[in-house]
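Encoded as structure tokens, the structure appears first; notes follow it.
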Amino acid sequence: MSLSSPALTPHAVGSATYTWGHTWTPSQLSSSAFQVMVTDVSNKKGKGFDLDYLGASVTYTP
């Protein structure tokens, strides 16, 4: 049986200047406090997906 790999599709959200309506503190962006929520953006009902990798880039300027 051969498994095909679907193309990677990046979905960028936010930007370096978008604060998500929140005033962030350094402690909220620490490795132990940082969390990511994943949302299925597929328009195919009843179809699941596998997530093998999630990259995140955080920009913070005190």
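The values are calculated or read from the model by the stated rules, or taken from the named source; none is laboratory data. Note that the structure is a prediction, hence the values are computed from the model and not measured. We place every Cβ from the backbone using ideal geometry, glycine too, and count neighbours over all the protein chains shown.
Hey, can you tell me all the residues within the stretch 30-41 that are closer than 20 Å to ALA7 by Cα and exposed (fewer than 10 other Cβ atoms within 10 Å of the Cβ)? Steps first, please.
Within the stretch 30-41, the first condition is being closer than 20 Å to ALA7 by Cα, and the residues that meet it are 38-41.
Selection gives VAL38, THR39, VAL41.
Considering the stretch 46-55 alone, what residues qualify as being under 21 Å from ALA7 (Cβ atoms) and more than 12 Å from the chain's Cα centre (by Cα)? Before you say what the answer is, go through the steps one by one.
Step one: of the stretch 46-55, the residues under 21 Å from ALA7 (Cβ atoms) are 47-55.
Result: LYS47, GLY48, PHE49, ASP50, ASP52.
Do we find that VAL58 is under 17 Å from the mean Cα position of the chain (by Cα), at pLDDT 75 or above and of a type in the set (A, V, I, L, M, F, W, C) in this structure? Break it down stepwise before answering.
On the way: under 17 Å from the mean Cα position of the chain (by Cα): yes; at pLDDT 75 or above: no; of a type in the set (A, V, I, L, M, F, W, C): yes.
For VAL58, the condition - under 17 Å from the mean Cα position of the chain (by Cα), at pLDDT 75 or above and of a type in the set (A, V, I, L, M, F, W, C) - is not met.
Here is a yes/no grid of residues against (1) free of Cβ contacts under 8 Å to residues at least 24 places away in the same chain; (2) over 20 Å from LEU8 (Cβ atoms); (3) exposed (fewer than 10 other Cβ atoms within 10 Å of the Cβ):
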residue	(1), (2), (3)
THR23	yes, yes, yes
GLN28	yes, yes, no
LYS44	yes, no, yes
SER57	yes, no, yes
